[in-house]
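See structure below.
The values are calculated or read from the model by the stated rules, or taken from the named source; none is laboratory data. No experiment lies behind these values; they were computed from the predicted model shown. So basically every Cβ, Gly included, is an ideal-geometry build from the backbone, and we count neighbours across all protein chains shown.
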Amino acid sequence: MLNPNLDGGALGRIYRQDQRVRVEGLLESGFADDVLKSLHSELKYDYVLFSQDKNQVLSEDQMNAMDQVGRQNLQQDLLQLATQGIGFFYTAYRMDGENEQRAPAILKSLFSLMNNNQMLNLIREITGVKNLASASGQFTRYRPGNYLTRHSDDITQESRQIAYVLNFTKHWHPDWGGLLQFYQKDGTPRDAWEPRFNSLYLFDVQHVHSVTYVTPYAAAPRYALTGWFRRGEDK
């Protein structure tokens with residue numbers, strides 16, 4: 001499943017320049033195609049959002065059960081927070097607990113790959129972080145109106161070390177939004193990486209970043225597996 005031609009040493013030299021790198025063609029192409037098919041047709045996603053001062057996960061049924069007033073209030077709250085650079089709104093399938101057990105077989109295989117020794121050794125070689133022990137993650141689907149505002153993933157108590165985005169979107173146009181945007185510490189925009197199919201983006205959790213607003217004219221969903229490689233015991 002993992003592309004045997006990846007050069008961890010060369011990728012590591014790029015990573016060390018700025019603690020981030022794009023790994024093109026991470027998976028064997030047929031496997032990546034099958035993952036995309038599953039993400040498109042086999043998952044039932046939840047809505048993930050920040051509202052009323054807390055992170056919330058709402059099922060599709062819960063969202064559909066909202067009356068018009070409830071939907072309007074939610075939308076108003078989301079937009080008000082977003083104007084302050086706070087919050088997120090997208091759909092996702094978290095790979096933990098019962099969700100992981102219920103996931104389609106090919107997605108379980110992919111998530112197992114992210115946690116096996118072959119993958120972990122590659123990420124250790126690229127990043128130089130030797131005590132990486134596991135990967136957590138969720139399959140995300142961004143559609144028109146979805147976004148993730150500016151933030152960093154540096155949460156010490158969760159042992160996050162390296163953030164990752166494994167992209168499964170074909171033919172994405174940058175004008176559609178959905179870009180992985182990087183910033184200076186003071187909020188000044190740097191550069192943005194468009195989602196490229198079967199590419200793994202790695203970056204240190206101290207990097208400030210966002211996923212830019214997906215426009216109403218985006219012609220396809222933006223699919224990815226996102227999460228963190230986490231530290232184990234120091235070695």
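Below are the figures for this structure:
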quantity	calculated
Residue within region 167-175 that is among the hydrophobic types (A, V, I, L, M, F, W, C), within 14 Å of residue 204 (Cβ to Cβ) and part of a loop (DSSP other than H, G, I, E, B) present	no
Residue check for residue 77: out of contact with any Phe, Trp or Tyr (no Cβ under 7 Å at 6 or more places or on another chain), among the charged types (D, E, K, R) and on the phi > 0 side of the Ramachandran plot	no
So residue 186, is it part of a helix (DSSP H, G or I), charged (D, E, K, R) and either more than 20 Å from residue 139 (Cα to Cα) or touching a residue at least 40 places away in the same chain (Cβ under 8 Å) (or both)	no
Scope region 132-156; condition of a type in the set (Val, Ile, Thr) and at pLDDT below 95; matching residues	155, 156
Some residue of region 190-202 being buried (at least 21 other Cβ atoms within 10 Å of the Cβ), touching a Leu at 6+ places or on another chain (Cβ under 8 Å) and in a loop (DSSP other than H, G, I, E, B)	yes
Tally, over region 203-235, of residues that are in contact with a helix residue (DSSP H, G or I) (Cβ under 9 Å, 6 or more places away or on another chain), β-branched (Val, Ile, Thr) and surrounded by 19 or more Cβ atoms within 10 Å (Cβ to Cβ)	1
Residue check for residue 38: among the hydroxyl-bearing types (Ser, Thr, Tyr), under 21 Å from residue 91 (Cβ atoms) and touching a Pro at 6+ places or on another chain (Cβ under 7 Å)	yes
From 52, 84, 72, residue being of a type in the set (S, T, N, Q) and modelled with pLDDT of 95 or more	72
Of all residues in region 3-49 being hydrophobic (A, V, I, L, M, F, W, C) and within 16 Å of residue 202 (Cα to Cα), the one that is surrounded by the fewest Cβ atoms within 10 Å (Cβ to Cβ)	10
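Per-residue answers, yes or no, for (1) in a strand (DSSP E or B); (2) surrounded by fewer than 19 Cβ atoms within 10 Å (Cβ to Cβ):
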| position | (1), (2) |
| --- | --- |
| 85 | no, yes |
| 89 | yes, no |
| 92 | yes, no |
| 110 | no, no |
| 119 | no, no |
| 126 | no, no |
| 129 | no, yes |
| 134 | yes, yes |
